[in-house]
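**Q** This is the structure, below, for whatever I ask next.
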Amino acid sequence: MKPFIMVSTRPEQEAAEAEFESFLNQGGLSREELQHVQITDLDVLSPLHPQDVSGVIIGGSPYDTSTPDGSKTRTQLLVEEEVREILAMGLKEGVPVLATGFGLEVLATYLGATMSPDFGEDLGTTELFLTEEGRQDPLLAGLPQTFTVLVGHHEGAVDVPPHATLLASSADCPVQMVRVGRAVYGTQFNPELDGHQFAQRASIYADAGYGYPGLTEDVIESARTATEHQAGRIIRNFVTHFARV
């Protein structure tokens, strides 16, 4: 099988490594089958020749695309530029892409959508429901009409991005999962995280502005006792559907 590439956009090494492990586990992949790339360490486009990979996974980040450009660090500007390049390659060359969290936010703004803090979600769980198109999509095959996912983000898309198909939504964040074309996907929620991994990330980002002060332990306990982690099927479906020999 040609490898999948996991691109980390998080500046925190501990969080990036833990995220990579989560995608490995949920995708049922080996380290040879899912290769890890830190977006700021090298030119991420050099190993992403369309004919050499099965697909690309873009991880999340604490960055917000709606931050004014003048207030963004050089690192954030570089990360956003590189993510846009990967998304453009996916759309132009037909390379499958699964962009999560911040990756969806960059995808949405790249397509012309507006992000707003009105659709941010505190660390915790939310109920996702599939649209009619979502029920027919191969990445959501085997999932129920509604299921619980783990979330935590400062902003969300105001509308479905132009040229995108809405696959899943929730009460507080209407744009939770989209598809662009046949092979580029974005999820606002975190399909890679089960309760234990979510608790680990919540601890790393305890001071990053998510949730309310003093509620971190409650949030972690809620995540640990959440129902069966079903969203990981999205990653397994992505791998199964797009794996190339």
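**Q** Of everything in region 168-192, what is surrounded by fewer than 22 Cβ atoms within 10 Å (Cβ to Cβ), under 16 Å from T146 (Cβ atoms) and among the aliphatic types (A, V, I, L, M)? Give them in sequence order.
**A** Hit for region 168-192 is A171, nothing else.
**Q** Quick one: would you say P62 is buried (at least 22 other Cβ atoms within 10 Å of the Cβ) and in contact (Cβ under 8 Å) with a residue 60 or more places away in the chain?
**A** no
**Q** Residues of region 32-49 being surrounded by 13 or more Cβ atoms within 10 Å (Cβ to Cβ) and modelled with pLDDT of 70 or more, which ones?
**A** Scanning region 32-49 gives E33, L34, Q35, H36, V37, Q38, I39, T40.
**Q** For a quick check of your reading: which helices (runs of 4 or more DSSP H) sit entirely within region 179-245 and have at least 2 residues that are at pLDDT below 75?
**A** 195-204, 216-224
**Q** While we're here: Which one of G90, G28 is open to solvent by less than 10 Å² (accessible area, probe 1.4 Å), within 19 Å of the chain's Cα centre (by Cα) and not aromatic (F, W, Y)?
**A** G90
**Q** Kindly provide the set of residues from region 107-145 that are assigned to a loop (DSSP other than H, G, I, E, B), touching an Asp or Glu at 6+ places or on another chain (Cβ under 8 Å) and open to solvent by 50 Å² or more (accessible area, probe 1.4 Å), ordered by number.
**A** Hit for region 107-145 is T114, nothing else.
**Q** Please state which one of G103, G55 is closer than 24 Å to V245 by Cα, under 17 Å from the mean Cα position of the chain (by Cα), of a type outside the set (V, I, T) and surrounded by 14 or more Cβ atoms within 10 Å (Cβ to Cβ).
**A** G55
**Q** Could you check region 65-87 and list, in sequence order, the residues that are among the acidic types (D, E) and open to solvent by 50 Å² or more (accessible area, probe 1.4 Å)?
**A** Within region 65-87, D69, E81, E85 meet the criteria.
**Q** Continuing with this model, one more query. Which one of these is over 17 Å from the mean Cα position of the chain (by Cα), within 21 Å of F102 (Cβ to Cβ) and of a type in the set (A, V, I, L, M, F, W, C): V180, V175, V149, V158?
**A** V158
The values are calculated or read from the model by the stated rules, or taken from the named source; none is laboratory data. If you're wondering where the values come from, they're calculated on a predicted model, not measured in any experiment. Quick reminder, even Gly has a Cβ in these numbers, built from the backbone with ideal geometry, and neighbours come from all protein chains shown. Surface areas here come from the heavy atoms of the whole protein model, side chains and all, with no ligands, DNA or RNA. Shrake-Rupley method; radii C 1.70, N 1.55, O 1.52, S 1.80 Å.
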